[in-house]
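See structure below.
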Amino acid sequence: MTTIAAPSGDLPVSSEPSYLSAGYTLGSWLGTSDHKRIAILYAISVTLFFFLGGIAVTIVRVELFTPEADVVTADTYNRLFTLHGVIMVWFFMIPSIPNIFGNFLLPLMIGAPDVAFPRLNLMSWYLNIGGASLTIYALIAGGVDTGWTFYTPFSTMFSNTHVLATAAGVFLAGFSSIATGVNFIATTHMLRAPGMTWFRLPLFVWAIYATSIVMVLATPVLAITLILIVAERWLGLPIFDPSRGGDPVLFQHLFWFYSHPAVYIMVLPAMGVVSEVITCFARRRVFGYTFMVYAMIGIAGIGFFVWGHHMFVAGMSPYAGLIFSFLSFVVAVPSAIKVFNWTATLYRGQISFDAPMLYALGFLGLFTIGGLTGLFLASIPVDVHVTDTYFVVAHFHYIMVGGTVSAFFAALHFWWPKITGRLYPETWARFAAILMFFGFNFTFFPQFIVGYLGMPRRYHVYPPEFQVYNVLSSAGAVILAAAYLMPLGYLAWSLVWGRRAGRNPWDATGLEWQTASPPPRENFPRTPHVDVGPYDYHPEGMSPAPYQPRHRGQGDQA
Amino acid sequence: MTQSPAVLKEPWQDLGRQREGAAFGIWVFLASELLFFGGMILLYTVYRVENPEAFAAAARETDIWYGTVNTAVLLTSSLTMAVAAQGAEQDWRRLVVWCLAATALLGLTFGILKGFEYAEDIRKSLIPGPDFPLQEPAAQLFFALYWTMTGLHAIHLTIGIGLVSRLCLLGALGRIVLRGNPQFEVTALYWHLIDVIWIILYPLIYLPGRAS
């Protein structure tokens, strides 16, 4: 078996304690500069926010079970979907994969002892928690009803809810995101192990790198937009107020200049995860590695020039609309390249359907549907028909939830043995993966139909003829909720009773599998040297490596 | 390097690489900052193109003397900062401490002058609102952006003064290694950002409508 670095026996396994047993006090966690512990801190906080956002949307789905307003009032409904959006977008989707798995894996994958600026890394977590606290304060104090987009002039002049606290919370989270991005970029540039050239980087590292560029260059525009909201709402300065010469459409330009690239902040890391998982469980080298890299850079680059497609009906010039429409079609090309390359990787692979692979295949299906319906929305005539309907809601949930959350769970299962040193019960995990896929489609596919038929988003009452779709959707949401809760149970179980994972339970390539599970504080006892490209699953002149992950483990333990 | 509060920090393995890493990191952060101000400058540009007369009339209300003197003050502070950063490389402690002190003082001077200018603006009630003296609504837009842009610049300046003063104090007390320490270059680059942003703000705020 050949691996990315020297053969696996070559790196001495240290007798150092793992990063988990380096200290047990609360202070040793809250004051840590270890990227792996910071990743765990994020994992805990982000999971908390995920369930908070999930509770909000559960009430939303219960309300939509019937066409009448029988559970919550219109005001409460507005606050619930705003809470769901704000928490899920800014405190779950954006930090989830980069800050948990990026933090944990980026240094391990490039053979570095830590990220470039470990204390800045910890500060990012505190900023994130500070931002979340402000947002949760706003929730306790009565909530926000602007939607997660804070459109002016409603947010600055009319809403009498807690816009300021929420905007401040999101601002802090954005600052955290910039700091993380700077850290990851510097780490990738400066701390690669000897021999780890740019085109030997695992695709997950490339994905995190591309994501970080988007974070660093797009987030400041969101920050300034939020400051302008505060200036207008709190200090009374006329910035977007049409009655004093301002232009609310300018707000939308600034907001979407960040928030469209933000979609790529969510999806690029997911693509990185899926690339790692598919190549591992298909036992094949990623098809077209360099194209995969260029496609990610392309997505990150073109992603900055498509924001206008959110504003086709907001009063843009037809020429601007034409250009944004064209560019939005163009940005689909690199995504399609990636889907084709994943498919080509699977072709003639020795596929094994372990839980991470099931989640990754789920990503592939759902992301494709989400991407194809994105083309509908890039086309102006169709977009005018479905703007602000459930069609749009379904589309971005397919990309963000179907795509990114599936990949999040793929990553969680794939690297769980590395992070915790334990194996989870495979049957339960597979069941949860399949349940999630069905629950997801059950929830969101009816929304395409009901949206196309004309049901607008963000309404808590609707004409009775739409009820059947909403009942389907709400029923699906129950299945989806069960599928999200299951991993919480069996993963927690595995922490205590799970089998020891050993260094490399999946027989995967990649530097992170060369060190102990869980890794020691300093990651590698000796700086690794890299002399092969990534994903060397079928080295020349060798027959495919046999793959029996479940029968390894015990003896292989570090 | 006698007394050594160790310069080399985790995860770096040699000083040169650590310095490169710190400089690289701050450049990436500066790129981010430029987009932060870039968003606002874009907003300013759009509004000014839409309302050229109102913006010219409003800009004529600003006090060009404060603006010009402040530009000179800030440019001088950039010189002293650059000398300090270079001096640290040569381990010239006295020069570094004096230059850092001069930088912080010049920065403070800028802040105080800006304070006087703000006081005068308030006396002339150039704050958007019911008492605003100019007729055209877009003139209020100009001043909304004036207050926000100069205010955000002032926040960056305050942070900069804090960073420079800290280095100055540590240097004077001998509690910091000069040669090879990335902190000097990083602080200098941040200080130059403050300077560069002002160089852009100065013509945007003070010069419209003054040519004719």
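If Lys and Arg each add +1 and Asp and Glu each add -1, what is the summed charge of the other residues whose beta carbon sits under 15 Å from the beta carbon of A:I87?
Numbers: positive: A:R79; negative: A:D145.
It works out to a net charge of 0.
Lysines near A:K418 by alpha-carbon distance under 25 Å, same-chain residues fewer than 8 away left out - which ones?
A:K36
Report the trypsin sites (Lys or Arg not before Pro) located in the stretch B:141-212 that are in a DSSP loop and have at most 15 other Cβ atoms inside 10 Å of their Cβ, or state none.
B:R175, B:R179, B:R210
Taking each residue in A:373-382, count the Cβ atoms of any other chain within 10 Å of its Cβ, then average. What number comes out? Kindly include the intermediate steps, with their values, before the conclusion.
On the way: counts 0, 0, 0, 0, 0, 0, 0, 0, 0, 0.
If you average over the peptide's residues, the count of other-chain Cβ atoms is 0.
Between B:K124 and A:L372, what's the calculated FRET efficiency when r is the beta-carbon distance and R0 is 51 Å? Round to 0.05. Write down the numbers at each step before the final one.
Values: r = 59 Å, r/R0 = 1.15.
It comes out at approximately 0.30.
Excluding A:F312 itself, what net charge comes from residues whose Cβ is under 12 Å from its Cβ, given Lys and Arg +1 and Asp and Glu -1? It would help to have the intermediate numbers written out before the result.
On the way: positive: none; negative: A:D383, A:D388.
Counting the neighbours of A:F312, the net charge comes to -2.
If you take the beta carbon distance between B:I64 and A:Y319 as r and set R0 to 35 Å, what does 1/(1 + (r/R0)^6) give as a FRET efficiency, to the nearest 0.05?
Numbers: r = 39 Å, r/R0 = 1.11.
Efficiency, rounded to the nearest 0.05: 0.35.
Compute the helix-to-body angle for A:203-234: its Cα long axis versus the longest principal axis of chain A, expressed 0 to 90° and rounded to tens.
30 degrees
Residue separation times 0.36 nm, minus the C-alpha to C-alpha distance between A:D388 and A:M157: what's the value?
Numbers: separation 231, 0.36 × 231 = 83.16 nm, distance 2.22 nm.
Length difference between fully extended and current span is 80.9 nm.
For the protein assembly as shown, with only Lys/Arg (+1) and Asp/Glu (-1) charged at the beta-carbon, what is the dipole magnitude about the Cα centre, in debye rounded to 20? Provide the component values of the computation, followed by the final result.
Values: 40 positive and 42 negative charges, 344 e Å.
Charge dipole of the protein assembly as shown: 1660 debye, to the nearest 20.
Would you list which aspartates and glutamates come within 12 Å of B:K9, measuring only between C-alpha atoms, while excluding same-chain residues fewer than 8 positions from it?
B:K9 reaches A:D114.
What's the FRET efficiency of A:R119 with A:E465 using the Cβ-Cβ distance as r and R₀ = 41 Å, to the nearest 0.05? Before the final figure, lay out each step's value.
Numbers: r = 58 Å, r/R0 = 1.42.
E between A:R119 and A:E465, to the nearest 0.05, is 0.10.
From the protein chains alone at 1.4 Å, what is the descending order of accessible area for A:F50, A:F353, largest first?
Details: A:F50 25, A:F353 110 Å².
The ordering from most to least exposed comes out as A:F353, A:F50.
At 222 nm, what value in deg cm²/dmol follows for chain A if DSSP H runs of at least 4 each add -39500 (n - 2.57) and the sum is divided by all its residues, to the nearest 500? Could the numbers behind the result be given before it?
Numbers: 16 runs with 327 residues, N = 558.
It lands at -20000 deg cm²/dmol.
Say each of A:A141 and A:R348 gets a label point 7 Å from the Cα, pointing the same way as Cα to Cβ; how far apart are those two points in nm?
Using points 7 Å along Cα→Cβ, the separation is 6.3 nm.
For the residue pair A:I434 and A:T76, what label-to-label distance in nm results when each label sits 7 Å from Cα along the Cα-to-beta-carbon direction?
Result: 3.9 nm between the two label points.
Between the stretch A:53-91 and the stretch B:170-200, what is the C-alpha centre distance in whole Å?
49 Å
So how strong a dipole does the stretch B:85-212 carry about its Cα centre when Lys and Arg Cβ are +1 and Asp and Glu Cβ are -1, to the nearest 20 debye? Please report the intermediate quantities before stating the final value.
Working: 9 positive and 9 negative charges, 87 e Å.
In total the dipole reaches around 420 debye.
Rounded to the nearest 20 debye, what is the charge dipole size of the stretch A:345-498 about its Cα centre when +1 sits on each Lys and Arg Cβ and -1 on each Asp and Glu Cβ?
Values: 6 positive and 5 negative charges, 70 e Å.
Dipole about the Cα centre, nearest 20: 340 debye.
Once you place label points 7 Å from the Cα toward the Cβ at B:W27 and A:Y294, how far apart are they in nm?
With each label point 7 Å from Cα toward Cβ, the separation is 2.6 nm.
Working from Cα positions, state the angle (0 to 90°, nearest 10) between the long axis of helix A:248-281 and the longest principal axis of chain A.
30 degrees
How large is the accessible surface of A:R285 in square angstrom, using a 1.4 angstrom probe and rounding to the nearest 10?
Only protein atoms counted, so the area is about 120 Å².
Angle check, please: helix A:467-497 long axis (alpha carbons) against the longest principal axis of chain A (alpha carbons), in degrees 0 to 90, nearest 10.
With rounding to tens, the tilt is 30 degrees.
Straight-line reach from B:K114: which lysines have a Cα under 17 Å away, not including same-chain ones fewer than 8 places off?
Hits, sequence-local ones excluded: B:K124.
Find the relative contact order for chain A and round it to a whole percent, using C-alpha pairs within less than 8 Å whose residues are 6+ positions apart. Let's see the in-between values first.
Working: 944 pairs, mean separation 116.3, N = 558.
Relative contact order, chain A: 21 percent.
The values are calculated or read from the model by the stated rules, or taken from the named source; none is laboratory data. Values in this document were obtained by computation on a predicted structure and should not be read as measured data. Glycine also receives a Cβ, built like all others from the backbone with ideal geometry; neighbour counts cover every protein chain displayed. Heavy atoms of the whole protein, side chains included, go into the accessibility calculation; ligands, DNA and RNA do not. Shrake-Rupley method; radii C 1.70, N 1.55, O 1.52, S 1.80 Å.
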